[in-house]
Every structure is written in C-alpha cells, then in structure tokens.
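Only the coordinates and a few stated rules stand behind these numbers; no lab work does. Remember, predicted model here, so these are calculated numbers, not experimental data. Cβ placement follows ideal geometry from the backbone for every residue including glycine, while neighbour counts extend to all protein chains displayed.
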Amino acid sequence: MHYLEIVTPAVKETCEVLAETHGVVFSAPIAEFGNARTANLNGGGRIGVRAPMRDSETPVVRPYVLVDDIEAAIKAAEKAGAELAIPPMEIPGQGTFSIYILGGIDHGLWQL
C-alpha cells in the first residue's frame with residue numbers, strides 16, 4: 001500500500017482520531033493532493049484525508065497500490081471490465097496516479 005485516501009466531510013475529526021490511534025502527525029492541507037492533510041505511516045506508506053472536491057463526490061476510502069508500470073496496470077484493469085475514472089496524472093515530485101472502478105469499488109494505482 002503506497003497511499004490510502006479517505007474522502008470525508010469530517011476531515012478534522014478523522015485526522016484527530018487517526019493521529020491519536022496511530023501516533024502520526026498530519027500536515028496542513030496539500031493543494032496537489034486535493035487539499036488532503038497527509039501523514040506518513042509508521043510501517044511505510046502515507047494516509048491522506050480530504051473533503052469532497054465536488055457536490056457529487058461521496059465519502060470513500062480508496063487504496064492506492066504501488067505499481068512499476070501504471071499503463072500496463074490500467075490495461076489489465078480495463079481488460080477485467082474496469083472503468084477508468086481518472087487517467088494517469090502526475091503530481092510533481094510525488095509520482096503518477098490513476099483511479100479505476102471495478103465492481104463498484106474505487107481502486108488507485110501509483111507509480112513512482
């Protein structure tokens with residue numbers, strides 16, 4: 001797991017619970033991450049908590065798995081019937097991510 005994204009209208013409260021439960025410190029909002037507040041996890045990886053970015057975005061917990069070849073991973077997902085929600089998009093200095101939906105579940109991919 002490279003990144004775990006939590007989208008919720010209760011950002012402050014969610015960060016408070018996660019910080020206390022896992023002993024992590026959340027950043028100020030980061031624009032490149034949709035204004036998510038992020039924290040590095042003790043075992044590796046990062047967690048981000050942000051508010052919905054549009055009225056139609058519902059709360060979700062979305063794991064992003066680290067892949068070596070994001071294009072190949074997308075092709076495999078689409079071959080299995082996935083719908084591409086967000087094509088590969090680079091976040092400067094962070095890598096490239098993509099989101100697909102399969103079986104009603106959001107899946108994230110991340111390539112460094």
Rounded to 10°, Cα long-axis angle of helix 70-79 versus longest principal axis of the chain: 60 degrees
The chain: antiparallel DSSP beta bridges as a percent of all, rounded to 5: 75 percent
Column: log10 I(q)/I(0), Debye, Cα scatterers of segment 67-112, q = 0.21, 0.33 Å⁻¹: -0.61, -1.24
Computed [θ] at 222 nm, helices only, for the chain once each DSSP H run of length n ≥ 4 contributes -39500 (n - 2.57): -6000 deg cm²/dmol
Model label zone, ALA19; criterion: amide N under 12 Å from point 7 Å along Cα-to-beta-carbon; scope segment 28-68: 28-29, 37-39
Positive minus negative residues near ALA28 (Lys, Arg vs Asp, Glu; Cβ under 13 Å): +2
Pairwise label distance in nanometres, ASP68 with MET89, each label 7 Å out on the Cα-Cβ vector: 2.8 nm
Within segment 4-112, trypsin sites (Lys or Arg not before Pro) in DSSP loop having at most 12 other beta-carbon neighbours inside 10 Å: ARG54
Net lengthening on full extension, THR96/ARG54 (0.36 nm per residue, minus Cα-Cα): 12.9 nm
Nearest-ten-degree value, helix 11-22 long axis tilted from longest Cα axis of the chain: 80 degrees
Derived scalar couplings ³J(HN,Hα) [segment 98-110; Karplus, 6.51 cos²θ - 1.76 cosθ + 1.60; whole Hz; x for Gly, Pro]: 8, 10, 10, 10, 9, x, x, 10, 6, 10, x, 10, 9
Listed residue (ALA76, TRP110, PRO87) projecting farthest to the positive dipole end of the chain, Cβ model: TRP110
Electrostatic dipole magnitude of the chain [Cβ: Lys, Arg +1; Asp, Glu -1; Cα centre; debye, to 20]: 120 debye
Which of VAL49, VAL67 has the fewest Cβ neighbours within 10 Å, and the rest in rising order: VAL67, VAL49
